[in-house]
Number of protein chains: 2
Amino acid sequence: MSQRPTIIDVARVAGVSKTTVSRVVGCKDAPVRTETRQKVLRAIEQLGYERNALAGGLRTDRTYTIALFLPDIANPFWPEVARGIQDVLEGEGYAVVLANSDWDAKREHKFLAMSRRNRFDGLIINPVSVTNAELVANGIPAIILSLDTDYPDFDVVGSDSYGGTTLALEHLVGLGHRRVGLISGLSRGSRQPSRLTSYVDFLQQHHIPVENELIVKCPYGQEHGWRSMKQLLDLDDPPTAIFAANDILAIGALQAIRDAGLRVPQDISLVGMDDIYAVSVTTPSLTTVAKEKYELGCQAATFLLERIREAAPERFRRHALPCRLIQRTSSAPPS
Amino acid sequence: MSQRPTIIDVARVAGVSKTTVSRVVGCKDAPVRTETRQKVLRAIEQLGYERNALAGGLRTDRTYTIALFLPDIANPFWPEVARGIQDVLEGEGYAVVLANSDWDAKREHKFLAMSRRNRFDGLIINPVSVTNAELVANGIPAIILSLDTDYPDFDVVGSDSYGGTTLALEHLVGLGHRRVGLISGLSRGSRQPSRLTSYVDFLQQHHIPVENELIVKCPYGQEHGWRSMKQLLDLDDPPTAIFAANDILAIGALQAIRDAGLRVPQDISLVGMDDIYAVSVTTPSLTTVAKEKYELGCQAATFLLERIREAAPERFRRHALPCRLIQRTSSAPPS
DNA sequence: TGCTATAATGGGAACGTTCCCATTATAGTG
DNA sequence: CACTATAATGGGAACGTTCCCATTATAGCA
């Protein structure tokens, strides 16, 4: 067993009771004389005492630990979001640990079980496969990082992908494109991805026929973007412009276009989504729909704190951050 | 307080003692009759009991939690390494949490304190600023992800960057280059980065003068790679080839070269290191020194398990994984 | 000065496990 | 069948906190 000093050792050295030490270590607004506090602090310093979070957590049922569940830390979108979350939560005394599920449903469920066993105070999660019911059953305050309507019992915060998709299509159609391909990600469960809904709505409103062969769904991942693009290029009448559901897919698509000996934007225009750093330095640099990643993290963290402190409104909130179009050099009028 | 069922509730329902329940939940090799075990398992199922890791950890001083400290989850190098670590450790019943310091020394130290308070069983760390002495004082088994000689009291595992640098230079000098620039990362503390040492050694062995103006040190980060490259291009007699300490820097350098209106490899050859996925799809694709990322993670995890179980040799180990050169299209003979 | 209100401190139980040790049930052996 | 070795089970203490409640010290006020 550890021979680390306990609160009792400190109490003995300081010549006070363990309760007093606990008061000094814990809440700073506890009633303890300045002189006594000094004695305790000196003893803590001298012994190198550190609070045992396990014991404290067992007693109080609060661990001041928050877990962030991500499907894919390799996507540069998330570190930015994580930064916002950490900045807010660490400022309030919480530690943020990251759980990377790698798109693996089983691993995600294992993390969920761990969050219960270890009594995490809260969760911020971009779900891969976990359902609303499972999250409710989990019993830990949670915020969903996605504007998914599948989570009625949680605050959800995300970027307005529907609106962002409209921005991208307005841009491409405004340039004169009529055959716009969509490389859509897969959404969890049976729901239709919001980008796809938006795509269909937009085309219908602008009286452009929706052709199924121009729509490809695939998992998020550069190689899948490559393959999906290949599929679109192999059509008898391939699209003149592409909107990809995120930048990772767009980079894959860009590569496929080049591999086919075509040029961007002369032969095909390409627009991505997220505005990860990498797409500003590809050749050509990519036009993309930017999301406010850092703010997303801050907002999610703020909502979570309110839930933990039971200072949140009864009704669950849906916070959509606006997207904006960043025009670079990958989009141009059709030739 | 939580109304979750405890081991005692299970014991009551199953009609046995809490000790017996503990035996069933814990070590599977404990002596308990099959019939009794069934009764307990049924009760657990019925009540939805889950072990409280806080209470258990308090008693045993083992939490089956490992923390992975990374400076920068945005670097695609790490997810690969993390995958290896997770695969090994989760297989042995450990949970892996990720702590992202974002190159922030203060945050790294906060994580270190957290690892003590929360009694993590082990640490795998690519250090930003934490010293050997601090890690020893931390008292938790740790493995260093880097072949740094600054950590004599720990097993270190990393790729042989010294050898990898030699591979890169053999390649470039073999192509006929004599003015090879080095974009070197910064190393922690006052030590000389191994890539720089290797660079100097190699040039001297090949009787090529070492010119300080061809050596630029900068933090790891794409924008720093860009700036460093700019600086090298502004020389009166710029290099004909560049070796960048990692692929992120190389991508930045590539961008700077293009921004200067020069071509790779016709005007300047460029070689990176790590072999992250992105450099296989840049234009041109980058020649790079590949590291065995997944194996790196597996090895570190294996070493850590041995330390935790006190099954490791007394002497600290230094495990260097070999690098190999991947030739792509960014390197060619000087014109 | 004496009395009360409040500030400051301490003792002990509780959180949910695990583990030591003691006890009882079962099997093995002559 | 008695006796012993071992298997199976249970009771209680301990891990290091926090919090309730009780007690004592101090300050405020007439």
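What to note about this one:
- Residue match in region B:57-67 (condition: crowded, with 22+ Cβ neighbours inside 10 Å and away from DNA strand C (no atom under 16 Å from the Cβ)): yes
- Residue list for region B:67-85, restricted to those being more than 7 Å from chain A (Cβ to nearest Cβ), within 16 Å of residue B:101 (Cα to Cα) and either part of a helix (DSSP H, G or I) or in contact with a Leu (Cβ under 8 Å, 6 or more places away or on another chain) (or both): B:67, B:68, B:69, B:70, B:77, B:78
- The residues of region B:265-274 that are away from chain A (no Cβ under 14 Å) and among the charged types (D, E, K, R) amount to a single one, B:267.
- One residue stands out among those in region A:1-21 that are within 8 Å of DNA strand C (Cβ to nearest atom) and either on the phi > 0 side of the Ramachandran plot or surrounded by fewer than 17 Cβ atoms within 10 Å (Cβ to Cβ) (or both): the one that is farthest from the chain's Cα centre (by Cα), which is A:15.
- On inspection, residue A:256 fails the criterion of being more than 13 Å from every other protein chain (Cβ to nearest Cβ) and either out of contact with any strand residue (DSSP E or B) (no Cβ under 9 Å at 6 or more places or on another chain) or buried (at least 24 other Cβ atoms within 10 Å of the Cβ) (or both).
- Residue match in region A:39-46 (condition: within 10 Å of DNA strand C (Cβ to nearest atom), more than 10 Å from chain B (Cβ to nearest Cβ) and buried (at least 16 other Cβ atoms within 10 Å of the Cβ)): yes
- Going through (1) in a loop (DSSP other than H, G, I, E, B); (2) buried (at least 16 other Cβ atoms within 10 Å of the Cβ) one by one, residue B:88 falls short only on (1).
- Residue count for region A:29-51, restricted to those that are charged (D, E, K, R) and within 12 Å of DNA strand D (Cβ to nearest atom): 5.
- Residue selected from region A:124-160 under the condition part of a loop (DSSP other than H, G, I, E, B) and hydrophobic (A, V, I, L, M, F, W, C), by the criterion farthest from residue A:314 (Cα to Cα): A:128
- Positions within region A:161-190 being in a helix (DSSP H, G or I) and not aliphatic (A, V, I, L, M), in sequence order: A:161, A:162, A:163, A:164, A:165, A:166, A:170, A:171, A:174
- Residues considered: A:81, A:24. Of these, the only one that is without any contact (Cβ under 8 Å) to a residue 24 or more places away in the chain and crowded, with 18+ Cβ neighbours inside 10 Å is A:24.
- The residues of region A:86-112 that are more than 7 Å from chain B (Cβ to nearest Cβ) and of a type in the set (Gly, Ala, Ser), listed by number, are A:91, A:93, A:101, A:105.
- Evaluation of residue B:298 against the conditions (1) touching a strand residue (DSSP E or B) at 6+ places or on another chain (Cβ under 9 Å); (2) farther than 29 Å from residue A:257 by Cα; (3) in contact (Cβ under 8 Å) with a residue 12 or more places away in the chain shows that the sole unmet condition is (1).
- Restricted to region A:10-28, and to residues there that are at pLDDT 90 or above and within 20 Å of residue B:119 (Cα to Cα), the residue that is nearest to DNA strand D (Cβ to nearest atom) is A:22.
- Just one of the listed residues (B:248, B:308) is of a type in the set (Val, Ile, Thr) and surrounded by 22 or more Cβ atoms within 10 Å (Cβ to Cβ), and it is B:248.
- Residue among A:297, A:261, A:272 that alone is on the phi > 0 side of the Ramachandran plot and either crowded, with 24+ Cβ neighbours inside 10 Å or not in a helix (DSSP H, G or I) (or both): A:261
The values are calculated or read from the model by the stated rules, or taken from the named source; none is laboratory data. What you are looking at is a predicted structure, and each value in this text was computed from that prediction instead of being measured. With ideal geometry, Cβ positions are generated from the backbone for all residues, glycine too; neighbour counts draw on all protein chains shown.
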